[in-house]
Amino acid sequence: MHLSFRKKTLLALAGLAVSVTISGGIALAHDHREVEGYRLTVGFRDEPALEGLANGVDLRVEKAAESDTAGGHGHGEMAPVEGLEGTLQVEVTHVASGVSRMLALRAVFGEAGRYTADLIPTSSGVYRFRFVGSIEGTAIDETFESGEGRFSNIEPAAGLHFPETRATLREVEGAARGAQSLAEQAQDAARAAARGASTARMLGIVGIAAGVLGAAVGGAGVAMAMRRR
């Protein structure tokens, strides 16, 4: 019995440690903010967030639960806020390039108060999420930016490739643009060479014609001189 109790105790402590670790990871990986009586928790849906992999904006909205004995709520508890997929949008910006896009939010099935907007981040670096619209009639315009102490930046995925490193979509597109540029330059050079060859042929034809005409004129002159004699 003593051994069984010890095992149970060790398992309980291990479970508690895992729980604390997971909770701490979530806290560090998302940004939290109080806005007009609401708590907004923001980050990437999957973290660590990697370049070229499907991901999404992650938003959780909660508010203080009203004390309701019948409902089982107590003071200090938070209740999820639902129905915001029709009143909130998120503008996603890749900070380095300045490229932005407005995305619609959708409710996450089975998780009240949680919303997402799907995206595949194709460049690494810092991202900015700007939520605009309203929460239960309250106007919202809040900006969150990734970074240390907030939520994960988008990181390059090449370091995790195994056993072979694969080119990212950005690298493939860059190589394709480079190949297209070289092909266009080659076409321009070919057209210039063709124009040069055409000009040379024309000059050659003109030269031949001039020679023939000169020979004809010369022959006519000789004939006239002979007739005079």
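The values are calculated or read from the model by the stated rules, or taken from the named source; none is laboratory data. Source: prediction; values computed, not measured. Note that we place each Cβ from the backbone using ideal geometry, even for glycine, and neighbour counts take in every protein chain shown.
Would you mind finding the one in E85, E62, E66 that is more than 30 Å from G159 (Cβ to Cβ) and exposed (fewer than 15 other Cβ atoms within 10 Å of the Cβ)?
Unique residue meeting the criteria: E66.
Comparison of V90, V132, V126 shows that the only residue that is closer than 18 Å to H32 by Cβ and among the hydrophobic types (A, V, I, L, M, F, W, C) is V90. Exactly one residue among G137, G110, G147 is surrounded by fewer than 16 Cβ atoms within 10 Å (Cβ to Cβ), on the phi > 0 side of the Ramachandran plot, within 22 Å of the chain's Cα centre (by Cα) and not aromatic (F, W, Y), and that residue is G147.
Tally the residues that are touching a residue at least 24 places away in the same chain (Cβ under 8 Å), within 26 Å of P80 (Cα to Cα) and not aliphatic (A, V, I, L, M), restricting the search to segment 112-148.
The number of residues fulfilling the criteria is 18.
Within segment 90-107, the only residue that satisfies the criterion of being of a type in the set (S, T, N, Q) and surrounded by 17 or more Cβ atoms within 10 Å (Cβ to Cβ) is T93. Do we find a residue being at pLDDT 85 or above, surrounded by 11 or more Cβ atoms within 10 Å (Cβ to Cβ) and closer than 24 Å to Y115 by Cα anywhere in segment 18-28? No, that holds for no residue. The residues of segment 96-118 that are aliphatic (A, V, I, L, M) and in contact with a Leu (Cβ under 6 Å, 6 or more places away or on another chain), listed by number, are L105, A117.
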